[in-house]
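Read the structure below first, then the notes.
The values are calculated or read from the model by the stated rules, or taken from the named source; none is laboratory data. The model shown is predicted, which means the values in this text are computed figures rather than measured ones. A quick note on method: Cβ atoms are made from the backbone with ideal geometry, for glycine too, and the neighbour counts reach across all protein chains shown. Note: areas computed on protein heavy atoms with side chains; ligands, DNA, RNA excluded. Shrake-Rupley method; radii C 1.70, N 1.55, O 1.52, S 1.80 Å.
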Amino acid sequence: MGYFLSLFALHIGKYPGERGGKMIQIENLSKTYISRHGQHKALEDASLTIPRGAVYGIIGLSGAGKSTLVRCLNLLEQPTGGRILIAGQDLTKLSGAALRQARRKIGMIFQHFNLLQSRTVAENIAFPLEIAGLPKAEIAARVKELLPLVGLTEKAGSYPEELSGGQKQRVGIARALALRPDVLLCDEATSALDPQTTVAILNLLREINQTLGLTIVIITHEMKVIKEICTHVAVLHQSKIIESATVEEIFTKPQSAIAKEFVSSVFPSELPVELLQTLAQNPRSEIIRVQFLGDNATKPVISDLVRSSDVAVSILYGSIDHLRTTLFGSLVLEIQGSPEQLSKANAYLQARNLEVEVIQHGA
């Protein structure tokens, strides 16, 4: 598939190096729904900058306003206030033909695929090209390019009812790419898929991002999706963006309670209260959480810590995983020693650019 992606990139003139700068700017975005029951604020004063070429995750609980936000990005929902700029163009000032033209540069895939059941795979992919009024020969050529891109060459003549969930989503991705967009919006695109298929679809999206330089915005409630593919993440909570940063920053230094909850859903590191109470009785001990990123995850930090600080170390909890392609580790340690030794141990860890959090001091 990488071969086909390379050919595809050459054909449309896009390369992974075409990155940097701002692709999407969301400024003070608000959306209020009015019903017979009164007003409901789905989004409040949301601001966000999404770099060109990023895979940007927006995560939140159900009802946080995620789907409203992504539908505002292509004006399927008209914002109540604020601005949305894509490649410098303010979509909120567009209407009619100008808005339709701008939307061609914004592809979208959905949780429930939204395929036309009476059309084959090839005909579903062709549909947006037909709506755009392209000549039949150009449509056929474009569909022929897209089928191998998403791994569906052998399914061109199949109907949606003959496809698995993962194959249906691949059709959705190909259809979203048909008009050569600059931005791909994914609204809970893997929520209806099993774990194995989810990984395959995320891998496909990663390849598309890396090879074509396409900016991807992923709406999800699953931190595992963020961990696998995203370069940046914003946390949406109760209609407001309360935190945004690179994925590495959010995982190592989450600022809000909800962000910490999301991180712990992937990397659980809480200790039972009873154990903490027992360990707290030792006046010569300290319980700390140490987080490793990149090369630090493979270095003999603990053995070096013992040698350099002359402390006793017990590992209470530990895990090593990855953020995209970067190793990420978390350890909860009990360190025993004199106050001077404990201070020296903390200084050693921090000098190696590790994230260190003191969970509990001894009595």
Mind checking which of Pro51, Pro195, Pro148 has the largest fluctuation in a GNM of the chain, springs on alpha carbons under 10 Å?
-> Pro195
Could you tell me what percent of the accessible area of the chain is made up of carbon and sulfur, with a 1.4 Å probe and every protein chain present?
-> 51 percent
C-alpha long axis of helix 195-212 to longest principal axis of the chain, angle in ° | 70 degrees
Just name one of Gln78, Val358, Thr197: the one whose Cα is farthest towards the positive end of the charge dipole of the chain (beta-carbon charges, Lys/Arg +1, Asp/Glu -1).
-> Gln78
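Using 1/(1 + (r/R0)^6) with R0 = 56 angstrom and r between the beta carbons of Ser319 and Ala97, what's the FRET efficiency to the nearest 0.05?
For Ser319 and Ala97, the calculated efficiency is 0.55.
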Net charge dipole size for region 161-266 [Lys, Arg +1 and Asp, Glu -1 on Cβ; Debye, nearest 20] | 140 debye
Taking K and R as +1 and D and E as -1, what net charge do the other residues with C-beta under 12 Å from the C-beta of Leu331 add up to?
-> -2
With respect to the cross-link table entries Lys240/Lys260; Lys31/Lys240; Lys41/Lys253; Lys41/Lys240; Lys260/Lys299; Lys105/Lys168, which display a Cα-Cα separation exceeding 19 Å?
-> Lys41/Lys253; Lys260/Lys299; Lys105/Lys168
Among Gly57, Gly88, Gly65: highest mean-square fluctuation, GNM of the chain, C-alpha pairs under 10 Å | Gly88
Please build a GNM for the chain, connecting alpha carbons under 10 Å apart, and tell me which residue among Leu129, Leu43, Leu342 fluctuates the most.
-> Leu342
Whole-number accessible area per residue in Å² for region 67-201, which is evaluated in the context of all protein chains at 1.4 Å | 45 Å²
Which FRET efficiency, nearest 0.05, do Gln196 and His40 yield, Cβ-Cβ r, R0 25 Å?
-> 0.10
Just check region 62-138 against the gyration tensor rule for me: Cα atoms, a ≥ b ≥ c as the square roots of the eigenvalues, rounded for a/c under 1.5, and otherwise prolate or oblate depending on whether a/b exceeds b/c.
-> oblate
Spin-label proximity, Glu138 to region 157-191 - amide N less than 17 Å from point 7 Å beyond Cα toward beta carbon | 177-182
By the Cα gyration tensor axes a ≥ b ≥ c (a/c under 1.5 gives rounded; else a/b larger than b/c gives prolate, otherwise oblate), the shape of region 113-219 is oblate
Long-range amide H contacts for Ile359: which residues qualify at under 5 Å (H placed 1.01 Å from N, peptide plane, sequence gap of 5 or more or a different chain)?
-> Ile287, Ile288, Arg289
Quick calc, the chain, dipole around Cα centre from Cβ unit charges on Lys, Arg (+) and Asp, Glu (-), nearest 20 debye, gives 1340 debye
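Output the direction-averaged projected area (hull surface divided by four) of the convex hull of the alpha-carbon atoms of region 122-169, in nm².
The Cα convex hull of region 122-169, projected and averaged over all directions, gives 3.3 nm².
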Solvent exposure, largest accessible area first (probe 1.4 Å, DNA, RNA and ligands not counted), of Lys31, Lys144, Lys155, Lys253 = Lys144, Lys253, Lys155, Lys31
Just check the chain against the gyration tensor rule for me: Cα atoms, a ≥ b ≥ c as the square roots of the eigenvalues, rounded for a/c under 1.5, and otherwise prolate or oblate depending on whether a/b exceeds b/c.
-> prolate
As a percent rounded to 5, the proportion of antiparallel DSSP bridges among beta bridges in the chain is 70 percent
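Would you calculate, for the chain, the mean residue ellipticity at 222 nm contributed by helices, counting each DSSP H stretch of 4 or more residues as -39,500 (n - 2.57) and dividing by all residues, to the nearest 500? Display every interim value, and only then the final one.
Values: 13 runs with 135 residues, N = 363.
Value at 222 nm, helices only, nearest 500: -11000 deg cm²/dmol.
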